[in-house]
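Beneath this line is the structure, given in structure tokens, with notes to follow.
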Amino acid sequence: MTESESSTDVRILTAPTVYVLGRQTIDDAALTQFLNDHGVSWQSDSAIAAEVLTESAGRVCYMSFARPRPGGNAAYLGHIMEVGHGSVLEHAVWNLLITGVSRSLTHELVRHRAGMGYSQLSQRYVDESVAEYVEPAIIAADPELHAIWRDAVAHAHRSYVTLADKLHAKLADPGAAAAAMLPPDADRTTRRKTARQAARSVLPNATETKIFVTANARALRHFLEQRGSAFAEPEIRTLANVILNILQQESPNLFGDYQRVPLPDGTYEIQTAFKKV
């Protein structure tokens, strides 16, 4: 959802968007060759590559292909989570592109290091003169607070545009003090980047950003439990719920154990009996 601020080229966002850009596939021929080479036959009842790969990895640990547990993939992965054999879940990986979130959120998101990789929008290279900002729901719900927040963001945005334009002009002027801070052979691209990286200092934490995330199932579960908690910041808790919706469709046997509990702010706490797998 957005609210246009045409007079200042500012758009206000209230919800994140998550795109699944990549997911694993399985080489059935290679798996069959492995089983044949070791004199066993086995076939998972799941058609989801992440679930088959996770089950295959777990069965390699004990070479239990010939003695499958009753209940198929769902029962097998349920047992894995019940006993806390979380390393098996690291073999299932997704590529997610997240937009419509604030830099405040991504400062928290990138603290999740093990099993997660990131590539984020660069404010040094990307022009923010037509920008988007993420408004906290608790402020958006109150007209007076919304007006104060909107005015503050619009002022910061105008300051960024003015600073970037004036800095770029001064960096092109050999007589300006700013130009002396660059190498004498600095080209237009260098001047533009230098202007933007300095001007961005006035942009608020609410500035929208885009971030590409590659993560395995174990790391994603840790993220869901930490950031889906009632004690988490509401914006990142909202994102955790959006990601959970996607992952429960992508792989119900790896993420179907999570339940949602409504909270007074309109978001949901994410809970599971299999914590810290």
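Bear in mind these aren't lab numbers, they're just calculated from the coordinates by the rules spelled out. Everything numeric in this text was worked out from a predicted model, so none of it was measured. For neighbour counting, all protein chains shown are included, and Cβ atoms are generated from backbone atoms with ideal geometry for every residue, glycine included.
General observations
- Difference of contour (0.36 nm per residue) and Cα-Cα distance, A147 to T17: 44.3 nm
- Farthest toward the positive end of the dipole of the chain, out of A186, L21, A152, is the Cα of A186, where the dipole comes from beta carbon charges about the Cα centre.
- With q set to 0.11, 0.17 Å⁻¹, the log10 of I(q)/I(0) for the chain, from the Debye formula over equal scatterers at the Cα positions, is -0.75, -1.25.
- Fraction of C-alpha pairs exceeding 18 angstrom in the range 2-117: 64 percent, rounded to a whole number.
- Proximal lysines relative to K275, as straight alpha-carbon distance under 30 Å, when same-chain residues fewer than 8 apart are discounted: K210
- If R0 equals 25 Å, the separation of the Cβ atoms of K166 and S122 corresponds to a calculated FRET efficiency of about 0.70.
- Local electrostatic count at I138 - Lys and Arg +1, Asp and Glu -1, tallied over other residues with Cβ under 15 Å: -4
- Segment T214-I139, length gained on full extension (0.36 nm per residue, minus Cα span): 23.8 nm
- Straight Cα distances below 18 angstrom link K166 to the aspartates and glutamates D127, E128, D187, with same-chain residues fewer than 8 positions distant left out.
- Cα gyration tensor shape for the range 114-195, rounded if a/c is under 1.5, else prolate or oblate: oblate
- In terms of Cα atoms, the Rg and Dmax of the range 7-74 work out to 20.1, 71 Å.
- Taken along the Cα-to-beta-carbon direction at a fixed 7 Å, the label points for Q271 and R69 span 2.4 nm.
- Virtual paramagnetic centre 7 Å along Cα→Cβ of I246, amide N under 13 Å, in the range 18-35: 18-24
- This model, with +1 at the C-beta of Lys and Arg and -1 at the C-beta of Asp and Glu, gives the range 25-90 a dipole about its Cα centre of some 240 debye.
- Put a dot 7 Å past the Cα of H107, heading toward its Cβ, do the same for I26, and the two dots end up 4.3 nm apart.
- Environment charge of R196, counting only residues whose C-beta is closer than 9 Å and scoring Lys/Arg +1, Asp/Glu -1: +2
- Each residue, L263 and A180, gets one label point 7 Å from its Cα in the Cβ direction; the gap between the two is 5.2 nm.
- Listed residue (Q197, F212, I243) projecting farthest to the positive dipole end of the chain, Cβ model: Q197
- Net charge over other residues, Cβ less than 13 angstrom from the Cβ of K170 (K, R count +1; D, E count -1): +1
- By the Cα gyration tensor, the range 55-161 has an equivalent ellipsoid whose semi-axes, rounded to whole angstrom, run 47, 18, 10 from largest to smallest.
- FRET efficiency for the pair D37 and N95, taken as 1/(1 + (r/R0)^6) with r the Cβ-Cβ distance and R0 = 25 Å, rounds to 0.20.
- Charging the Cβ of each Asp and Glu at -1 and of each Lys and Arg at +1, and nothing else, the dipole of the chain about its Cα centre rounds to 720 debye.
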